[in-house]
Amino acid sequence: GKDDVLHPGDQVTSDARLETVPLTQEVAWSRNAARYTQLAAELTGLWQDIDARVPRPGVRYSSRFLDVVPEGTVLYAALPNLSQRLADSHRVMQERINQNPALKEWWKNEGREGRGAGADQIIERVREFGAHLGDEVVVSAGLDAKNEPGNILVLGELKNASDFRPYLEGQVARFAREGEDGPAIRILEDPLAAAPQSGGAGGEGEIYVWVRQDLFAASPQIESLRRLATTLNNSGANRFVGTSFHARLAEIYREGAGLVVAADLEKLIGQVAREDGILSGEDGILSRGAERGEGFRRLGLASLKHLVVEQKDLNEKTQSRAVLTFNEPRRGIASWLAAPGAMGALEFVSPEANVATAFVVKEPALLVDDLLGFLETVQPDLRRQLREIEAQQGIDVRRDLAAPLGGEFAFAVDGPLLPTPSWKMILEVGDQTHMQGSLERVVEKLNAWATLGGKGGLRWENTTEGGRTIYTLRSAGSGLEVHYTFVNGYLVVTPSRALLDRALKYRESGNTLLRSSRFRETMPADGNANFSAILYHDLAPVLRPLAERAPESQRGALAASAEMPPTLAYAYAQGDRITLAANTEGGPFGLSPDSLLGLPNAFAMQNILMNAMGEKDERGR
């Protein structure tokens, strides 16, 4: 009759006279326990050593390439030159590995698996090539004759053009001698005077390279280099400079650019829409495909403008951000996410939560209107059919289920994962009486259908304590149950009564996720305390026990991953844009030194978790 919630590292006994046993002693039967412990510590130290000794790349506040990419550019990527950082990280890693027997054995047996014996040579090639380039490499692409992404152009600045030309020619000759697979590289003196060897617009399987003073350019299409040469020969003639896409990219540089990937969605989507007959002409008049065109608008996609994804280091943290902009205030489904709010639903979540997500939306009844409006473009008779069903069942989706809700929603995994995951769901409710009545009618209808099918239905078991009603809904057939109550404008739902009681106590005591030091350390440094949506995870406490039980081949990697800090991904919905961001090492591109080199934090977590079954001792325990 007693519940005890154990957090990582906690222990409990069935009798106060029993002594607890340290966890290291509990798994000491493994003949490899000492080696596992040492390896986990060394891997963690290796990652920290790389982070401390290898400088992070800075940001760039301008680019000479932005004004010379072709007029039709719809995709733009600006990458920092990471070659030296990669080489330095590799050097630090090799120093630590050679000095430490545990790491040396791991690298021999595990670290090189599937990577071949030529890692050192590959790193050196990258370092050599990068040593000739400046701080930035830019890749642009436009739409080809088939309106597909093409016309690729790569641009880089050379530190010493006279040294680079012999180096490049030597590399081309070496590739030819060694018979390495890949396209043929052709070095041009002047793209405007050169002719493709294949006689077309570009030789199939060829890469054209042009070096002009301190500028390096490469493309699989010679026409791309010709357009570049024309632009350089006619200063100020590039019409890309006057586009809104150019202005958006210039804004990114003014704020400080790291790694940038951007797309001109207005041009891309407009072209697709015209091809599909959704739009006709610049004024957007509907032609054939009118239904799809209206659905396009209902989704809010017709007003998409730009997408910019970037990653940069600020204040010793890696910031990853994606910004989706519109050419008008967000509308339709794109407007569902509301402006940043306080998210009081998270006050029911404990500081030790492993995963928590929350978001705020505009009025739920309006969401239903938007969704039905879009679905009607696919099935015009949908609303009438829905009304008939609602009349038969006595439930109005908009009035009975959506209208009583507020705009806040939260979900968390907050407690033990076994035997039943300790989840909780919190919804803001404006009309508690209406919502409970709607839930009771839904359960009544479900039970009627279950009876017709000869199956057990759902059973209510409600109690009143301290003036508050606790609702319990049990499944007669499966034994599943949920417990919920209404408190301070929120509906709190959990799979057990004990979890529900604790959720209420967290809020009463103020000991919540929002006030925990681990959560607050993940907050962005932009001065904002409110968000439109968040996804928080602190998985290290979950991974540590798995590391102790993992097979030998996965234990070191999982133990190092168990040292990952808490992570917060968040979103702001503001006027004509939606911003998604996270302050995490490596970010969405995984460009931290450890992930580039294949260190443990970059290992595929799903594969590790699938194999974390634990080894047995001699007695099969």
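Within region 398-413, the set of residues being surrounded by fewer than 18 Cβ atoms within 10 Å (Cβ to Cβ) and in contact with a Leu (Cβ under 9 Å, 6 or more places away or on another chain) comprises 398 only.
Here's the yes/no breakdown for (1) open to solvent by less than 30 Å² (accessible area, probe 1.4 Å); (2) touching a residue at least 12 places away in the same chain (Cβ under 8 Å); (3) in contact with a strand residue (DSSP E or B) (Cβ under 8 Å, 6 or more places away or on another chain); (4) not hydroxyl-bearing (Ser, Thr, Tyr):
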| position | (1), (2), (3), (4) |
| --- | --- |
| 46 | yes, yes, no, yes |
| 50 | yes, yes, no, yes |
| 54 | yes, yes, no, yes |
| 59 | no, yes, yes, yes |
| 62 | no, yes, no, no |
| 72 | no, yes, yes, yes |
| 76 | yes, yes, yes, no |
| 79 | no, yes, yes, yes |
| 87 | yes, yes, no, yes |
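Out of all the residues in region 89-100, which are assigned to a helix (DSSP H, G or I) and not charged (D, E, K, R)? Of everything in region 89-100, those that are assigned to a helix (DSSP H, G or I) and not charged (D, E, K, R) turn out to be 89, 90, 92, 93, 94, 97, 98, 99. Assessment of region 303-315 against the conditions (modelled with pLDDT under 90 and within 25 Å of residue 335 (Cβ to Cβ)) yields at least one matching residue. Residues in region 319-327 include at least one that is in a loop (DSSP other than H, G, I, E, B) and either closer than 30 Å to residue 249 by Cβ or small (Gly, Ala, Ser) (or both). Return a yes/no flag: does region 378-387 have any residue that is touching a residue at least 40 places away in the same chain (Cβ under 8 Å) and closer than 30 Å to residue 511 by Cα. No. Of all the criteria given as (1) part of a loop (DSSP other than H, G, I, E, B); (2) under 22 Å from residue 361 (Cβ atoms), the one not satisfied by residue 398 is (1).
Yes or no, residue by residue, for (1) touching a helix residue (DSSP H, G or I) at 6+ places or on another chain (Cβ under 8 Å); (2) open to solvent by less than 70 Å² (accessible area, probe 1.4 Å); (3) at pLDDT 90 or above; (4) of a type outside the set (S, T, N, Q):
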| residue | (1), (2), (3), (4) |
| --- | --- |
| 134 | no, yes, no, yes |
| 137 | no, yes, yes, yes |
| 143 | yes, yes, no, yes |
| 148 | no, no, no, yes |
| 159 | yes, no, no, yes |
| 170 | no, yes, no, yes |
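Here 39, 79, 86, 103 are screened, and the one residue that is at negative phi, at pLDDT below 85 and either under 26 Å from the mean Cα position of the chain (by Cα) or outside any helix (DSSP H, G or I) (or both) is 86. I'd like to know if region 231-247 contains one or more residues that are surrounded by 14 or more Cβ atoms within 10 Å (Cβ to Cβ), at pLDDT below 90, in contact with a Gly (Cβ under 9 Å, 6 or more places away or on another chain) and in a loop (DSSP other than H, G, I, E, B). Checked against the condition, which is being surrounded by 14 or more Cβ atoms within 10 Å (Cβ to Cβ), at pLDDT below 90, in contact with a Gly (Cβ under 9 Å, 6 or more places away or on another chain) and in a loop (DSSP other than H, G, I, E, B), region 231-247 yields no hits at all. Evaluate the following for residue 324: is it among the hydrophobic types (A, V, I, L, M, F, W, C), closer than 28 Å to residue 535 by Cβ, out of contact with any Ser or Thr (no Cβ under 7 Å at 6 or more places or on another chain) and at pLDDT 75 or above? So residue 324 passes the test.
Comparison of 191, 166, 196 shows that the only residue that is open to solvent by less than 40 Å² (accessible area, probe 1.4 Å), at pLDDT 85 or above and farther than 25 Å from residue 258 by Cβ is 191.
The values are calculated or read from the model by the stated rules, or taken from the named source; none is laboratory data. All values derive from a computational prediction rather than experimental measurement. Note that we place each Cβ from the backbone using ideal geometry, even for glycine, and neighbour counts take in every protein chain shown. Surface accessibility is based on the protein's heavy atoms, side chains included, excluding ligands, DNA and RNA. Shrake-Rupley method; radii C 1.70, N 1.55, O 1.52, S 1.80 Å.
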